[in-house]
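Here the structure comes first, spelled out in structure tokens, and everything after it is commentary.
Please treat every number below as a calculation from the coordinates, not as lab data. Remember, it's a predicted structure, so these values are computed and weren't measured experimentally. All Cβ positions, glycine included, derive from the backbone under ideal geometry; neighbour counts span all protein chains shown.
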């Protein structure tokens, strides 16, 4: 009975808070609703198409977006912090605005605080335990959110780094076969997939929509934030400005980047022998000593005890 009462109180509290916030930010909510309705006029969806969408897209995603819009009202408008977070989200490949991501982090942190605090209350009815577990949940939410963003950035940069040699080889072969640079870029995007291919697709679409090749490639280098990408973009732009052969430039860049990638792999392989010493010393050698010397220990103890 007490669980039903607690659930009822939670639902009632949510309804009261939602009603108060809706009244407080009614003008902003009406404005956002009008913007969504205007966007739907340009992208009409039939009833059959709406029913074909997954359950998460029809039910869960709108609820989550509503919660994010609700929490985004509490995010302070700091332009410098928002610009820095936008850059990090771009490097991580997360297609979300900085304000919505901050709202998602706030929602996740609040959820962690509530879960940890309730767990502490169940373990012990002390107020101190309740507060300590709540603070633990706060730290957990902030640390996990930060770690998730950093891991996404690192993973995406590694994926781009490993895809770059094969992509440049394919691009070089396409240009050598007689395609122009833009056509070769479109062919590579069509035949491959991955983080680097998605960024090349974005650059190719920008060029198709009228953006200059120089600006599109510079934006590509900024989104990837890789030294190899910056070198490749600089070489292509220099060849384009000076009228050099794009085929030779791409072949040289592909060969150089593949050789650098090969040397990096060999360097990491050479470091493995040193890194393997840690698990050998900590886990394998003690077990070997126990297996080899273990049978002799009782005899030694008996001999020492006999004396």
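When Rg and Dmax are taken over the Cα atoms of region 156-269, they come to 13.4, 45 Å.
When every Cα-Cα distance of region 95-174 is counted in 10 angstrom steps from zero, the calculated P(r) takes the values 17, 28, 21, 16, 10, 6, 2 percent.
Listing 274, 131 from fewest to most neighbouring C-beta atoms within 10 Å gives 274, 131. Normalising the average separation of contacting C-alpha pairs (under 8 angstrom, six or more residues apart) by the number of residues puts the relative contact order of region 193-277 at 17 percent. Report note on the peptides 174-180, 99-105: ranked by the mean count of other C-beta atoms within 10 Å, highest first, their order is 99-105, 174-180.
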